[in-house]
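Every read-out reported here was derived from the displayed coordinates using simple, explicitly stated rules and does not represent laboratory data. Note that this is a predicted model, so its numbers are computed, not measured. Backbone-built Cβ (ideal geometry, glycine too); neighbour counts: all protein chains shown.
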Amino acid sequence: MSLFDMLKEKAAELFQAGKDQASEVTNEFGSQTEGVVGQAEGAVAENAQNLSQSAQDAVTQATNDLPTGAADIAQSAEGAAGDVVNDAVDRVTGTEGTAQR
C-alpha cells in the first residue's frame, strides 16, 4: 500500500467519523428540541386553560355584582332626585337652606 493510499484511507476514516459525530449530535439535538417543544406545548395549553378559567370567573363575578350595582345606582338616583325636588321646593317656598331633610 502506498503512502497516498494510506493517507486516502485515513482521510476517509476521519471523514466517516466526523459524519457519525455530526449525526449523533443532530439526533441528540433533535431529541432535546422535541422535549422543549413538548414542554412549551404543555405550558401554552395550561396558560390557555388558566386564561379561560379567569375569564369565566370574571364573567361570573360581574354577573353576581350586577344586581347589587344596579340597586346601588337606583338608590343613588333616587337620593339625587329627592335632593333636586327638595331644593326646588325650598327655592319656590323661599325656605332655601332652612329646611332639614
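Going by how many other beta carbons lie within 10 Å of each one, how would you line up D20, D87, fewest first?
With the sparsest Cβ surroundings first, the list reads D20, D87.
Which residue fluctuates the most in the chain, going by a Gaussian network model with Cα springs under 10 Å, if the choices are E13, E34, E78?
E13
Which Cα, out of P67, Q21, Q53, lies furthest along the positive dipole direction of the stretch 1-91 (beta carbon charges, K/R +1, D/E -1)?
Q21
Please state the charge dipole magnitude for the chain, taken about the Cα centre, from unit charges on C-beta atoms (+1 on K and R, -1 on D and E), reported in debye and rounded to the nearest 20.
180
To the nearest 10 degrees, how steeply does helix 3-93 sit against the main Cα axis of the chain, on a 0 to 90 scale?
So the inclination is approximately 0 degrees.
Only one of the listed values, [x] 1.28; [y] 1.01; [z] 3.21, was derived from the coordinates as Cα Rg over 2.2 N^0.38 Å; which label is it?
Entry [z].
With +1 on each Lys and Arg Cβ and -1 on each Asp and Glu Cβ, how big is the dipole of the stretch 40-96 about its Cα centre, in debye rounded to the nearest 20?
100
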